[in-house]
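To keep things clear, I will list the structure first and then write my remarks on it.
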Amino acid sequence: MTVPPAEPSLDGEERAALAKGIAEFNAGLFFECHDTLEEMWAGVRGPSRDFFQGLIQVSVAYYHLGNGNAAGAESMMRRALKRLEKYPARYGGFDVDAQRAELVRWLERFAAGEGAATEADRPRWTFELFTE
């Protein structure tokens, strides 16, 4: 049996950056979210490092999708799924299973030739650590 990675341990500055990144993601500011999370991620060590890199890749995937770059979005979604595969259903107050399922749905859409996104497709992240 594989032991799940330890929950992330974030200091106040990292928590503030994560909260900012979540708000940017939820506002559809995927490039800005990528920048914010990448800056935070640079200082993260330990088992949560890949988790945050996976979230960065998710934000880049949606950035590509919003710019009509389905191939770039698909590639980043696959990379994000690979990063997130070792994490449990919930990690760091985040529903990882729901994120993985959403990425798989997009990959199925790409395979069916349906890569265009609509406003209804805009994703949202919810972390138990942060409420709006």
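The values are calculated or read from the model by the stated rules, or taken from the named source; none is laboratory data. In this text the structure is predicted, and so the values were computed from the model without any measurement. As a convention, Cβ positions derive from the backbone with ideal geometry for all residues, glycine included, and neighbour counts pool all protein chains shown. All accessible areas refer to the heavy atoms of the entire protein, side chains included, with ligands and DNA or RNA removed. Shrake-Rupley method; radii C 1.70, N 1.55, O 1.52, S 1.80 Å.
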Quiz prompt | Single match in 98, 89, 42 (criterion: of a type outside the set (D, E, K, R) and open to solvent by 50 Å² or more (accessible area, probe 1.4 Å)) | solution = 42
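Each row is one residue, and each column tells you yes or no for (1) surrounded by 14 or more Cβ atoms within 10 Å (Cβ to Cβ); (2) polar (S, T, N, Q); (3) farther than 18 Å from residue 117 by Cβ.
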residue	(1), (2), (3)
2	no, yes, yes
10	yes, no, yes
18	yes, no, yes
24	yes, no, no
36	yes, yes, yes
47	yes, no, yes
69	yes, yes, no
93	no, no, yes
106	yes, no, no
Practice problem: Determine whether residue 78 is open to solvent by 70 Å² or more (accessible area, probe 1.4 Å), in contact (Cβ under 8 Å) with a residue 24 or more places away in the chain and under 16 Å from residue 21 (Cβ atoms). | Solution: no
Quiz item: What pairs come up if the first residue lies in segment 25-39 and is among the charged types (D, E, K, R), the second is part of a helix (DSSP H, G or I) and at pLDDT below 95, and their beta carbons are under 6 Å apart, counting only those six or more places apart or on different chains?
Solution: none
Quiz prompt | So residue 62, is it of a type in the set (Ser, Thr, Tyr), open to solvent by less than 60 Å² (accessible area, probe 1.4 Å) and more than 13 Å from residue 123 (Cβ to Cβ) | solution = no
Quiz prompt | For residue 53: the one exception among (1) surrounded by fewer than 20 Cβ atoms within 10 Å (Cβ to Cβ); (2) of a type outside the set (D, E, K, R); (3) modelled with pLDDT under 95 | solution = (3)
Quiz item: Yes or no: residue 21 in contact with a Cys (Cβ under 9 Å, 6 or more places away or on another chain) and assigned to a helix (DSSP H, G or I)?
Solution: yes
